[in-house]
Amino acid sequence: MSGQALGALADPTRRELLERLARGEASATALARDLPISRQAVVQHLAVLDAAGLVRSARCGREVRWSPRPDGLIAAAAWLTGLAEEWDRRLAAIKAIAEEG
């Protein structure tokens, strides 16, 4: 996973957009409707998510519809799982050392 994906996921607005897109594809206008930011700000957030490989866009007539990219999300989840497992191993080793002494 690239640092770009982790950086994209660090922003709460982008996470909110991903959660909304997980319920179904939507346009930037529809996504902005219930958010306290402008449509242009939503488009900028979507561009960051797109560059990170987490969402994709498709033109549908005059509208651009956005949807999550499962492969990008799976890669991000796998990377985070691996990181968590590594920390668990390190903490177990520290615990073992502490219990020996």
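The values are calculated or read from the model by the stated rules, or taken from the named source; none is laboratory data. Bear in mind that the values here come from a model prediction, so they are computed numbers and not experimental data. Cβ placement follows ideal geometry from the backbone for every residue including glycine, while neighbour counts extend to all protein chains displayed. For accessibility, only protein heavy atoms count, side chains too; no ligands or nucleic acids. Shrake-Rupley method; radii C 1.70, N 1.55, O 1.52, S 1.80 Å.
Scan Ala58, Ala76, Ala30 and give me the residue that is aliphatic (A, V, I, L, M) and either part of a loop (DSSP other than H, G, I, E, B) or at pLDDT below 95 (or both).
Ala76
How do the pairs read when you match residues in the stretch 43-64 that are more than 18 Å from Gly3 (Cα to Cα) with residues anywhere that are open to solvent by less than 60 Å² (accessible area, probe 1.4 Å) and among the aromatic types (Phe, Trp, Tyr), using Cβ under 9 Å and keeping only pairs 6 or more apart or on different chains?
Once the first residue is more than 18 Å from Gly3 (Cα to Cα) and sits in the stretch 43-64, its partners that are open to solvent by less than 60 Å² (accessible area, probe 1.4 Å) and among the aromatic types (Phe, Trp, Tyr) give Arg56/Trp66; Ser57/Trp66; Ala58/Trp66.
Listed residues Ala77, Ala96, Ala8, Ala84; which is in contact with a helix residue (DSSP H, G or I) (Cβ under 9 Å, 6 or more places away or on another chain) and aliphatic (A, V, I, L, M)? Break it down into steps so the answer makes sense when it comes.
Numbers: Ala77 fails: in contact with a helix residue (DSSP H, G or I) (Cβ under 9 Å, 6 or more places away or on another chain); Ala96 fails: in contact with a helix residue (DSSP H, G or I) (Cβ under 9 Å, 6 or more places away or on another chain); Ala84 fails: in contact with a helix residue (DSSP H, G or I) (Cβ under 9 Å, 6 or more places away or on another chain).
Criteria check complete, one pass: Ala8.
What is the residue count in the stretch 49-101 for residues that are on the phi > 0 side of the Ramachandran plot and surrounded by 10 or more Cβ atoms within 10 Å (Cβ to Cβ)? Step through it out loud before you land on a result.
Here is the first cut: in the stretch 49-101, the residues on the phi > 0 side of the Ramachandran plot are 53, 61.
Now restrict to residues that are surrounded by 10 or more Cβ atoms within 10 Å (Cβ to Cβ): 53.
Qualifying residue count, the stretch 49-101: 1.
Please state which of the following conditions Leu49 fails to meet, knowing it meets all the rest: (1) part of a helix (DSSP H, G or I); (2) over 12 Å from the mean Cα position of the chain (by Cα).
(2)
Of all residues being open to solvent by 20 Å² or more (accessible area, probe 1.4 Å) and within 12 Å of the chain's Cα centre (by Cα) in the stretch 19-46, which is farthest from Ala78 (Cα to Cα)? Just the residue, please. Full working, then the answer.
Restricting attention to the stretch 19-46, the residues satisfying the condition of being open to solvent by 20 Å² or more (accessible area, probe 1.4 Å) are 19-20, 22-25, 29-30, 33-41, 43-45.
Retained after the next criterion (residues that are within 12 Å of the chain's Cα centre (by Cα)): 19-20, 22, 45.
On the way: Glu19: 18, Arg20: 21, Ala22: 18, His45: 23 Å.
Among those residues, the one meeting the criterion is His45.
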